[in-house]
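The values are calculated or read from the model by the stated rules, or taken from the named source; none is laboratory data. None of the values given here were measured: they were computed from a predicted structure. Virtual Cβ from ideal backbone geometry, glycine too; neighbours counted across all protein chains shown. These accessible areas exclude ligands, DNA and RNA; they are computed on the full protein's heavy atoms, side chains included. Shrake-Rupley method; radii C 1.70, N 1.55, O 1.52, S 1.80 Å.
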Amino acid sequence: RIERRQLDARPRLTLVSREGDPSPALVISVATDLGPAPTTVVAAILEARLRAAGFEVDSRADHSALRVRLLLTDAGRAGPFFEALAAAAQRPLVAGGPEIALAIQRLQALRRNPLDAVELAPVVGCTGALGVAPGEALPDLATPRGVSDAEGWRAGALVSGRASIAAVGPSAFVAAIGGALASSPAWPAGAAANDPWPAADAVGVYTSPLLDRRSARLTVALRTGEPGAAAAAAERLAAPDSPLITRLRGLAQPWRVTEVIGTARPRGGCVAVTIETAMHPRDVAMESTAALAGALARAELRAEIAVSGGASVAGRQILTAADPREAAARAAWWALSGVAPGATERW
């Protein structure tokens, strides 16, 4: 059973009742609107503060969203956890704190793994994947200006309108979670994420040192107004016998699908396909075969988006997640997603 609740001055709540997990789980998701580096900083702040309060959490950051995960065997600790969470969300940041040290470590890790090229920025902006462009400037949290910026990101992101909590576990556990959140301290008020829509389509080409000179990689991403349609389309596109895979394999110069991503967003969704070809013949222009494969992928994305069936995808993805933390993460994020009526598709 999946139940959603909206509590005054607190994050929205999703309760997923299911038996058989090794441990119940809690996840807090936040839509930040901040971009990868500031979101990484806010995730580190929350993780460090909750760990200091005695809770063994871990955090994950995406392009403009974060989640903090916890396995919680004792529902009686839910009350203290929500008190610690509310305090962590509201306490001002000061220079030299343990949160700063962890945030600096996470920024260094982000810098060590940049995107292949700046041309990929619109793609990760669509899919929500974490990554910064090569050479992109990152905040310096060792300076007063850096700490001041981080405090602004914390205060703007950790508000009730941008946050969602999900619990996964037996019915008695999730019932206790609902009661504990309702009686926990209130959060600062704040509007939901804006999740800006792309102003135009984007096309980019670059030379990658990671590919053989006769290989090519092509990514096609579509921003659409229906999050469920994007997620359902990704499921169908990734199926081993999907028309996309079959048609790409049948080209004179075959291409293979290496990744399919379907993302629900606060406004709409994104579906992206990455395809590759290897050992391209020297006497055939790479540009023409890549253009053909790209047009085929675009046609298949559009065809799958047009198919109905997205209404059940959220529940299916939540309930089929093997790890209770992953099930809770999906439930918390789906609660933050919404349609974008009338939005123009962007590629």
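In the stretch 325-347, which residues are outside any helix (DSSP H, G or I), under 30 Å from Asp21 (Cα atoms) and either over 12 Å from the mean Cα position of the chain (by Cα) or among the charged types (D, E, K, R) (or both)?
So the first thing to find is which residues in the stretch 325-347 are outside any helix (DSSP H, G or I), and the list is 337-347.
This time we only want the ones that are under 30 Å from Asp21 (Cα atoms), so: 337-338.
Scanning the stretch 325-347 gives a single hit, Gly338.
Every residue, every condition in (1) within 30 Å of Val220 (Cβ to Cβ); (2) assigned to a loop (DSSP other than H, G, I, E, B), yes or no:
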{"position": "Gly131", "(1), (2)": "yes, yes"}
{"position": "Pro134", "(1), (2)": "yes, yes"}
{"position": "Pro139", "(1), (2)": "no, yes"}
{"position": "Val168", "(1), (2)": "no, no"}
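Checking Arg236, Arg267 one by one, the residue that is touching a residue at least 60 places away in the same chain (Cβ under 8 Å) and part of a loop (DSSP other than H, G, I, E, B) is Arg267 and no other.
Identify, from the list Thr219, Thr289, the residue that is among the polar types (S, T, N, Q), in contact with a helix residue (DSSP H, G or I) (Cβ under 9 Å, 6 or more places away or on another chain) and either open to solvent by less than 30 Å² (accessible area, probe 1.4 Å) or touching a residue at least 40 places away in the same chain (Cβ under 8 Å) (or both). Talk me through it step by step, then tell me what you get.
Details: Thr289 fails: in contact with a helix residue (DSSP H, G or I) (Cβ under 9 Å, 6 or more places away or on another chain).
Of Thr219, Thr289, the one residue that is among the polar types (S, T, N, Q), in contact with a helix residue (DSSP H, G or I) (Cβ under 9 Å, 6 or more places away or on another chain) and either open to solvent by less than 30 Å² (accessible area, probe 1.4 Å) or touching a residue at least 40 places away in the same chain (Cβ under 8 Å) (or both) is Thr219.
Return yes when Ala199 is open to solvent by 60 Å² or more (accessible area, probe 1.4 Å), in a loop (DSSP other than H, G, I, E, B) and under 30 Å from Arg154 (Cβ atoms) and no when it is not.
Details: open to solvent by 60 Å² or more (accessible area, probe 1.4 Å): yes; in a loop (DSSP other than H, G, I, E, B): yes; under 30 Å from Arg154 (Cβ atoms): yes.
Yes.
What strands (runs of 3 or more DSSP E) lie completely within the stretch 1-103 and have 3 or more residues being open to solvent by 50 Å² or more (accessible area, probe 1.4 Å)?
2-5
Only a single criterion out of (1) assigned to a helix (DSSP H, G or I); (2) open to solvent by 20 Å² or more (accessible area, probe 1.4 Å); (3) more than 22 Å from Gly128 (Cα to Cα) is not satisfied by Gln317, namely (3). The sole residue among Ala252, Ala191, Ala186 that is under 29 Å from Ala155 (Cα atoms), loosely packed, with under 13 Cβ neighbours inside 10 Å and without any contact (Cβ under 8 Å) to a residue 60 or more places away in the chain is Ala191.
A Cβ distance below 9 Å, combined with a sequence gap of six or more or placement on separate chains, defines the contacts here; from the stretch 305-317, residues that are within 18 Å of Arg1 (Cβ to Cβ) reach residues that are part of a loop (DSSP other than H, G, I, E, B) in the pairs Ala314/Ser337. Per the conditions (1) in contact with a Gly (Cβ under 8 Å, 6 or more places away or on another chain); (2) open to solvent by 10 Å² or more (accessible area, probe 1.4 Å), the sole criterion not satisfied by Ile245 is (1).
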